[in-house]
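First comes the structure, then the notes that go with it.
The values are calculated or read from the model by the stated rules, or taken from the named source; none is laboratory data. No experiment lies behind these values; they were computed from the predicted model shown. Neighbour counts run over all protein chains shown; Cβ positions are idealised from the backbone, glycine included. Only protein heavy atoms, including side chains, enter the accessible area calculation; ligands, DNA and RNA are left aside. Shrake-Rupley method; radii C 1.70, N 1.55, O 1.52, S 1.80 Å.
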Amino acid sequence: MAKKKAIEINKETIVNFYTDYVLTQGKKPNSIYEFAKNNGMEEAEFYKFFASFEVLEEHFFSDMMHYTLELLDKNSDYENYNAAQKLSCFYFTFFFFSTANRSFVMQLLKQDKMPLKNLMKLKSLRKDFLSYVKTVLETPYKIDNQKINNIQNRVVHEGAWLQFMSILKYWMEDTSINFEKTDVFIEKSVKASFDMVYNVPIESILDFGKFIWKEKFGNYKSN
């Protein structure tokens with residue numbers, strides 16, 4: 001009888017083992033020792049890649065960010081896009097990966113009863129995201145004062161992170177087929193934000209406002 005081929009223990013296989021456990025059991029493993037033993041590896045092998053389950057979860061979101069950027073880099077047209085197109089493309093791609101892993105993402109972001117603990121899992125993602133938007137978003141107003149320009153940049157970049165979080169929240173609550181409404185939310189949100197920061201805020205901001213109002217309150221009109 002042929003021997004069963006041993007599974008190579010690496011970062012990806014450990015994440016796959018962890019994902020499977022969390023989704024089937026609905027909770028974290030009791031300990032790294034138990035987790036390692038149940039998956040045919042030594043506890044020390046886990047520590048070669050992650051210091052804890054919390055670090056693994058944090059890296060999972062950061063890795064989605066890196067996969068997104070890698071895919072965008074392979075798109076020959078991406079480099080020629082304007083800032084709004086680049087940011088939209090990023091959001092569409094990131095949430096494509098999120099949808100492919102939706103059950104695990106939802107579990108991680110709702111796992112703890114304290115919302116702040118769940119958000120801490122996005123710490124590395126936030127850092128990577130802010131580094132990314134610095135390469136995409138320019139200072140709204142060119143002023144010959146570096147201190148003021150730095151403040152402008154910080155406001156724009158942190159605003160982009162708030163936008164990302166609003167899209168994430170919308171996606172988590174989206175019940176439309178294939179999450180089509182999230183795509184609409186991304187499109188309108190990006191257009192409205194660029195109009196508000198870089199252009200005169202006219203139709204797109206009103207359009208985005210109407211979309212939000214309809215989504216939140218439209219279902220109550222008949223009551």
Query raised in the report: Counting only residues that are more than 17 Å from the chain's Cα centre (by Cα) and polar (S, T, N, Q), which one in the stretch 120-158 is modelled with the lowest pLDDT?
Result: Asn145
Requested in this report: Would you mind listing the helices (runs of 4 or more DSSP H) fully within the stretch 1-119 where at least 3 residues are within 15 Å of the chain's Cα centre (by Cα) and either touching a residue at least 60 places away in the same chain (Cβ under 8 Å) or at negative phi (or both)?
Outcome: 53-73, 83-100, 102-110
Query - Near pairs, Cβ below 8 angstrom, 6+ apart or cross-chain, from the stretch 164-191 (outside any helix (DSSP H, G or I)) to any residue that is open to solvent by 80 Å² or more (accessible area, probe 1.4 Å) - result: Asp174/Lys181
Query raised in the report: With respect to the numbered conditions (1) polar (S, T, N, Q); (2) at pLDDT 95 or above; (3) within 30 Å of Ser193 (Cβ to Cβ); (4) loosely packed, with under 15 Cβ neighbours inside 10 Å, which one is the sole condition not fulfilled by Thr68?
Result: (4)
